[in-house]
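These notes are about the structure you will find just below.
The values are calculated or read from the model by the stated rules, or taken from the named source; none is laboratory data. Remember, predicted model here, so these are calculated numbers, not experimental data. Every residue, glycine as well, gets a Cβ built from its backbone with ideal geometry; the counts of neighbours run over all protein chains shown.
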Amino acid sequence: MFTPSTEPIAGSVAISALIALIPLVTFFVLLAVIKTKAHWAGLGSLAVAIIVAILGWKMPVAMALNAGAMGMVFGAFPIVWIVVMAIFLYQVTVKSGRFEDLRRVFDVIGGGDVRIQAVLIAFCFGGLLEALAGFGAPVAITATMLLALGLSPLRAACAVLIANTAPVAFGAVAIPITTAGALTGIPAKEIGAVVGHQSPLLALFVPTILVLILDGWRGVRQVLPATLTIGISFGIAQWLCSTYFSYELTDIVASLVGLAAAVILLRFWTPKGAAEARKRVLTAEAAAVPVETGTKLDKANTWMALFPYLLVILIFGLAKLWKLGIDIPAWLASTDTKFGWPGLHGQVVDASGKAVSSTMYTFSWLSSPGTLLLITGVIVAFVYSRNTAGGKYAMTFSEGLSEVGKTIYSMRFAALTILSVLGLAYVMNLSGQTITVGTWLAGTGGFFAFLSPILGWIGTAVTGSDTSANALFAKLQQTAGVNAGIDPNLLVAANTSGGVVGKLISPQNLAIAATSVKMEGQESVILKKVAGWSVGMLLVLCALVYLQSTPVLSWMLP
């Protein structure tokens, strides 16, 4: 039997907490200072966490190693499984040629106004990509699309980074929230609902901020009805979907709702100054190209371009909500295999002698979002292979399926990073290191609610992943909340929401943006343009979470 202690070193919570922070500091120093590869930083910090657990917290060697193994298995399934399948689905759209049709949809819907087109591509379509893939894919893809639109490299990079804030909490089929739920034992849907009462506040204003960066205050005034319509509709959809529908589908629904709202608005309203804005916003070469007016979208091709995202909503909706006749959610849940992790379950116990719940492992082979995405991808590949339009969209069914293997290979180092960070999180959690840090921070009392989003911001800024930030700090937030008398659900959600704006200044994301717009080595130039926005939005979140922890705004919480 092993019982984690909160003050194993010198009988002091403060000293023990500082020692417990060594694995996290190691990770951040290796990644941000020494600039090692993310997977090496993760493996190195995992090794340090195991050593600290054994020497400092007196955790048996076998248990410490086993805890790391359990974390890595959880990182592989369901997390890496979900990410790989999400990217596979996107790759099928690229391989089939339908991705280009989707880009034309945004071009035409934008009504010839480059500012609105940029919002639709970077914010709405970027939100869809974040929902399905995440991990830098939205930044890379939408940046190249904005370059093709004619934006300067610096404007394109800043625009996609700003746009990639609001959807991050629910990215990759809400993997950050699923991870937080698994590590804390709090139902993920409850965490998702609280996040859905925080991050939409940012979504309301992100499209307007994006236009401000592109075209200044004049541009903001000219297209304000569009940016507010898109932002408000996106935010409301996030709030409703995360609270009442499915937290996994939140970004997909919100992105499509935002796009639909723009379509409806532009049927009755025309932005001012579109021609002049082209000269201000685009490069001189791009601005000189005549605008094609009156272009009509082919209905069949438009339908096929949107088909994968509509199918995702249908399949996830059936899997999560359908209870007429056949209770599909219950049936899918019945296929899950749950068991106590050998060597840990029943042997890692709390102070009362009760087995900790985090040593239970659930193998959701059929109900996992990753499996649902695989089913969606296979259907999309089949449908696309049967609709080649005379060879224009040539892709065989086997070519579509081959993208699974290609995606796994391309994700190998990113996957190793995820495995190592989850291994680190499990070692720190089960040994008691995380609980010690949480107990120490809880000493700040109610003010910790204000500080809470900062942890998520730091974690995501350094790792480039809100999922990794939750893996590192979700348990800590929960412990601090319990000890400080603050709702743990609120603080775990705050960690997720804080990570949303941390991704804006993540070295990983900055590098992806710089590479995508051909500004390699100029990440610092981009950082100077976006850092202020990241800090400003973080302070707004800190104030919001603090007020939500008091009677002033507690009514906002679900």
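Tell me, please, whether a residue that is in a helix (DSSP H, G or I), touching a strand residue (DSSP E or B) at 6+ places or on another chain (Cβ under 8 Å) and in contact (Cβ under 8 Å) with a residue 60 or more places away in the chain can be found in the stretch 25-35. It would help to see each step written out before you state the result.
Going through the stretch 25-35, the residues in a helix (DSSP H, G or I) turn out to be 25-33.
Next, only the ones that are touching a strand residue (DSSP E or B) at 6+ places or on another chain (Cβ under 8 Å) stay: none.
The answer is no, given that none of the residues of the stretch 25-35 is in a helix (DSSP H, G or I), touching a strand residue (DSSP E or B) at 6+ places or on another chain (Cβ under 8 Å) and in contact (Cβ under 8 Å) with a residue 60 or more places away in the chain.
Identify, from the list A425, A442, A414, the residue that is in contact (Cβ under 8 Å) with a residue 60 or more places away in the chain, part of a helix (DSSP H, G or I) and touching a Phe, Trp or Tyr at 6+ places or on another chain (Cβ under 7 Å).
On the way: A425 fails: touching a Phe, Trp or Tyr at 6+ places or on another chain (Cβ under 7 Å); A442 fails: in contact (Cβ under 8 Å) with a residue 60 or more places away in the chain.
Criteria check complete, one pass: A414.
Residues of the stretch 514-541 being touching a residue at least 40 places away in the same chain (Cβ under 8 Å), in a helix (DSSP H, G or I) and surrounded by fewer than 20 Cβ atoms within 10 Å (Cβ to Cβ), which ones?
Those that are touching a residue at least 40 places away in the same chain (Cβ under 8 Å), in a helix (DSSP H, G or I) and surrounded by fewer than 20 Cβ atoms within 10 Å (Cβ to Cβ): T515, V525, K529, V540.
Consider A53 carefully, then state whether it is part of a helix (DSSP H, G or I), small (G, A, S), at pLDDT 90 or above and surrounded by fewer than 24 Cβ atoms within 10 Å (Cβ to Cβ).
Details: part of a helix (DSSP H, G or I): yes; small (G, A, S): yes; at pLDDT 90 or above: yes; surrounded by fewer than 24 Cβ atoms within 10 Å (Cβ to Cβ): no.
In short, no.
Out of all the residues in the stretch 334-367, which are within 30 Å of T407 (Cα to Cα) and touching an Asp or Glu at 6+ places or on another chain (Cβ under 9 Å)?
Within the stretch 334-367, T362, F363, S364, W365, L366, S367 meet the criteria.
Conditions tested, residue by residue: (1) in contact with a Pro (Cβ under 7 Å, 6 or more places away or on another chain); (2) crowded, with 23+ Cβ neighbours inside 10 Å; (3) closer than 15 Å to A513 by Cα; (4) not small (G, A, S).
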| site | (1), (2), (3), (4) |
| --- | --- |
| G112 | no, no, no, no |
| I116 | yes, yes, no, yes |
| G127 | yes, yes, no, no |
| P138 | no, yes, yes, yes |
| L151 | no, yes, yes, yes |
| R155 | no, no, yes, yes |
| A163 | no, yes, yes, no |
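Any residue at all in the stretch 365-381 that is touching a Pro at 6+ places or on another chain (Cβ under 8 Å), of a type in the set (A, V, I, L, M) and surrounded by 15 or more Cβ atoms within 10 Å (Cβ to Cβ)?
yes
I'm trying to understand the selection: among the residues of the stretch 204-232, which are basic (K, R) and closer than 14 Å to V281 by Cβ? So that I can check it myself, show each step before the final result.
Just the residues of the stretch 204-232 that are basic (K, R), to begin with: 218, 221.
If the condition is that a residue be basic (K, R) and closer than 14 Å to V281 by Cβ, then R218 is the only one that fits.
Inside the stretch 150-252, counting only helices (runs of 4 or more DSSP H) that do not spill past its ends, which hold 2 or more residues that are free of Cβ contacts under 8 Å to residues at least 60 places away in the same chain, under 22 Å from L490 (Cα atoms) and touching a Gly at 6+ places or on another chain (Cβ under 9 Å)? So that I can check it myself, show each step before the final result.
Details: elements: 153-163, 171-184, 188-195, 200-203, 206-240.
Where helices (runs of 4 or more DSSP H) fall fully within the stretch 150-252 and carry at least 2 residues being free of Cβ contacts under 8 Å to residues at least 60 places away in the same chain, under 22 Å from L490 (Cα atoms) and touching a Gly at 6+ places or on another chain (Cβ under 9 Å), they are 188-195, 200-203, 206-240.
Quick check: anything in the stretch 435-442 aromatic (F, W, Y) and either under 22 Å from the mean Cα position of the chain (by Cα) or buried (at least 24 other Cβ atoms within 10 Å of the Cβ) (or both)?
Let us first name the residues in the stretch 435-442 that are aromatic (F, W, Y), namely 440.
Then keep just the ones that are either under 22 Å from the mean Cα position of the chain (by Cα) or buried (at least 24 other Cβ atoms within 10 Å of the Cβ) (or both); that gives 440.
Looking through the stretch 435-442, at least one residue is aromatic (F, W, Y) and either under 22 Å from the mean Cα position of the chain (by Cα) or buried (at least 24 other Cβ atoms within 10 Å of the Cβ) (or both).
I'd like to verify a number: residues in the stretch 377-419 that are of a type in the set (G, A, S), out of contact with any Asp or Glu (no Cβ under 9 Å at 6 or more places or on another chain) and modelled with pLDDT of 90 or more, how many? Don't jump to the end; show me each part of the working.
In the first step, residues of the stretch 377-419 are kept if they are of a type in the set (G, A, S); the result is 377, 381, 385, 389-391, 394, 398, 400, 402, 405, 410, 414-415.
Checking which are out of contact with any Asp or Glu (no Cβ under 9 Å at 6 or more places or on another chain) leaves us with 389-391, 394, 398, 400, 402, 405, 410, 414-415.
Pick out the ones that are also modelled with pLDDT of 90 or more and you get 398, 400, 402, 405.
Qualifying residue count, the stretch 377-419: 4.
Evaluate the following for V48: is it surrounded by fewer than 20 Cβ atoms within 10 Å (Cβ to Cβ) and within 13 Å of G423 (Cα to Cα)? Let's see the steps before the verdict.
Numbers: surrounded by fewer than 20 Cβ atoms within 10 Å (Cβ to Cβ): yes; within 13 Å of G423 (Cα to Cα): yes.
In short, yes.
Give the stretch 1-24 a look and list any residue that's in a helix (DSSP H, G or I) and without any contact (Cβ under 8 Å) to a residue 12 or more places away in the chain, or say none. Before the answer, list the steps.
In the first step, residues of the stretch 1-24 are kept if they are in a helix (DSSP H, G or I); the result is 13-20, 22-24.
Selection gives I15, L18.
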